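Please treat every number below as a calculation from the coordinates, not as lab data. Not measured: the values here are computed from a predicted model. Ideal geometry is used to build each Cβ from the backbone, glycine not excepted, and the neighbour counts take in all protein chains shown.
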Amino acid sequence: MRIFAAAMKKNDNISDKKPVIISGPCSVESREQTVATYTALAETGMVDMIRAGIWKPRTNPNSFEGVGECGFEWLEEGKRLTGLPFGVEVANARHLETAVAHGADMVWIGARTTGNPFSVQEIADAIRGIDIKVLVKNPLTMDIALWEGAVRRILNSADNPENVWLVHRGFSQMGNGTFRNPPMWHLAIEMRRRFPEMTILCDPSHICGNRENIATVSQKAADLDYDGLIIESHCCPQQALTDAAQQVTPESLAEILTGIIWRTANTENRQFLEALERCRYEIDELDSEIFALMSRRMEISEQIGRIKKDNDITILQDQRWNAIQERLMSKAAEWGLSLEFIRDVLDAIHVESINHQNKVMN
Ligand code: PEP
Ligand code: MN
């Protein structure tokens, strides 16, 4: 009864709540695992909706591909016990119709499906007239237009545009880096610019690929003003049949969520707004100065180009370029700038400078 009350409170107006928290197992595996995870998540009182994969898109055809339709019975039991709504991944119209028939409150389009306009259109056609939340994950590739296209297909059929949400789960890469799917935050921010009214959730589980970094990535999402998180959890993560390394127990989830600070993006506080305005004015002035200086620097590059041309000297002179880099990078600490940043800026200046010299010489 206690669980039920906590869950019902959260269930109201999920669209208006910030942050929205969705959690649940990567895959539905058994009745026991599903109901145990569902109820433990409800008991935290911090989760608004359950996620669980019924059909799993796997790289290897011989691996576990989800329990299929029989898993809905266990999700429905979890929902009956707790009052928490649930959602599953769909990749075609049959999945969507089956999920709706079993009372799913949400479906998400996975990264592998978002990249396929045929599948997205099929799902879009099937949601016509159905009141259900549709979360569109970013595609595997760093292709914002593909993500945008998928969202537009769903929006064209959705009864209510507020039912369509974005999920940022990072982008595929070759080999292993810090992240399983590097977030490339600027791409998600660009997507938000294209859909300013749309709710966007971060999926730190699929970005990280491990439990350890979930809190850090979640905080970053909070600081970038995301509307919520979708995090994988399992009553016994070590035994999970899919994505075992990145799932957390409901208890760890509660700890992670408690540690996140959600700051507000806007305030009416006059003092704050004025202080911000002053800083922004100063930044705008400095940016203008920086680029005016760059412009002067390029004029000098062109002068050098003319001198080199008259004397038949090559544009690129390694020794000089190395000396410039060394001199400026030795000041990194004094300026409080990272070596990486100085190198990136210098590289950009160098390319521009060569282009200017080239224009003069050829
Ligand atoms: C999932 O959410 O379990 C999943 C398969 O995600 P993605 O499509 O982001 O890989
Ligand atoms: Mn997963």
> Given labels modelled 7 Å from the Cα in the Cβ direction, how far is it in nm from K359 to Q303?
Replying inline: 1.7
>> So if each residue of separation counts as 0.36 nm, and I subtract the Cα-Cα distance between Q319 and E212, what length gain in nm does that give?
In response: 34.1 nm
> Are any of the pairs K137/K331; K56/K133; K309/K331 more than 31 Å apart by Cα-Cα distance, and if so, which?
Replying inline: K137/K331; K309/K331
>> Distance between the C-alpha centers of the stretch 291-313 and the stretch 179-200? Whole Å please.
In response: 39
> In the neighborhood of F195, defined by Cβ-to-Cβ distances under 11 Å, what is the net charge if each Lys or Arg adds +1 and each Asp or Glu adds -1?
Replying inline: +1
> Taking K and R as +1 and D and E as -1, what net charge do the other residues with C-beta under 11 Å from the C-beta of E89 add up to?
Replying inline: +4
>> Among I130, A111, T82, which residue has its Cα furthest toward the positive end of the charge dipole of the stretch 42-163, with +1 on Lys/Arg Cβ and -1 on Asp/Glu Cβ?
In response: A111
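Show me the GluC sites (Glu not before Pro) within the stretch 254-346 that DSSP assigns to loop and that have at most 16 other Cβ atoms within 10 Å of their Cβ.
When the GluC sites (Glu not before Pro) of the stretch 254-346 are filtered for loop state and at most 16 Cβ neighbours within 10 Å, E268 remain.
Just subtract the alpha-carbon distance of N62 and R343 from 0.36 nm times their residue separation and send over the number in nm, one decimal.
Extra length available between N62 and R343 comes to 96.6 nm.
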> FRET efficiency for S30 and A245, Cβ-Cβ distance as r, R0 = 22 Å, nearest 0.05?
Replying inline: 0.65
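Full extension from D310 to R270: what is 0.36 nm times the residue separation minus their Cα-Cα distance, to one decimal in nm? Let's see the in-between values first.
On the way: separation 40, 0.36 × 40 = 14.40 nm, distance 6.03 nm.
Gain on extension, D310 to R270, equals 8.4 nm.
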> What is the set of long-range amide H partners of W165 at a cut-off below 5 Å, with H atoms built 1.01 Å from backbone N?
Replying inline: V134, L135, V136
> What residue among A292, L229, T249 has its Cα farthest toward the positive end of the dipole of the stretch 217-320, where the charges are +1 on Lys, Arg and -1 on Asp, Glu, each on the Cβ?
Replying inline: A292
> Whole-Hz Karplus ³J(HN,Hα) for the stretch 21-30, in order, using 6.51 cos²θ - 1.76 cosθ + 1.60 and θ = phi - 60°, x for Gly and Pro?
Replying inline: 10, 10, 8, x, x, 3, 10, 6, 10, 7
> Which residues make up the longest stretch of the chain that has no trypsin sites (Lys or Arg not before Pro) in a DSSP loop with at most 15 other Cβ atoms within 10 Å?
Replying inline: 129-262
